[in-house]
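Have a look at the structure below before the remarks.
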Amino acid sequence: MTRADDERTASANWRTRIKRLIEGYDAVLSLQHRREIVRELQDEEDLFMLLCFCDMMGIPNPVGDMTLELYPYMLDRFHEWHKRQGMPRSPLDGFRCC
């Protein structure tokens, strides 16, 4: 091995160590807030689901036509959503999920 190869190897080792150190530091910082982040994401999804399905529940929705395209993608998560909202059964008359 030449000296240049040794320097490249040492440089690569340092980069790897620094990368691992940064990843560990990031994991430690985000660990405390992980639950809060998950809760906030769930709240955003709950609001989005309400906005998309509010027309079916009798709440006027001015953008109801635009959200029709999203229904097939959201029906899979609809059951989880209405359970989180405290509704034991589906609030939609024509849609039974449980």
Quiz prompt | Every residue from region 12-42 that is closer than 30 Å to F78 by Cβ and modelled with pLDDT of 85 or more | solution = E36, I37, V38, R39, E40, L41, Q42
Quiz prompt | Pair list, Cβ < 9 Å and 6+ apart or interchain, from region 71-88 residues that are among the aliphatic types (A, V, I, L, M) to residues that are surrounded by 11 or more Cβ atoms within 10 Å (Cβ to Cβ) and not in a helix (DSSP H, G or I) | solution = L75/F95; L75/C97
Practice problem: With respect to L92, determine if the residue is of a type in the set (A, V, I, L, M), in a helix (DSSP H, G or I) and not assigned by TED's automatic domain parsing to the domain that holds A27. | Solution: no
Quiz item: Taking only pairs six or more apart or across chains, which ones have beta-carbon atoms under 9 Å, a first residue in region 40-59 that is farther than 16 Å from S90 by Cβ, and a second residue that is among the β-branched types (V, I, T) and in a loop (DSSP other than H, G, I, E, B)?
Solution: L51/V63
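The values are calculated or read from the model by the stated rules, or taken from the named source; none is laboratory data. Everything quoted here is computed from the prediction, not taken from an experiment. Cβ atoms come from the backbone with ideal geometry, glycine included; neighbour counts cover every protein chain shown.
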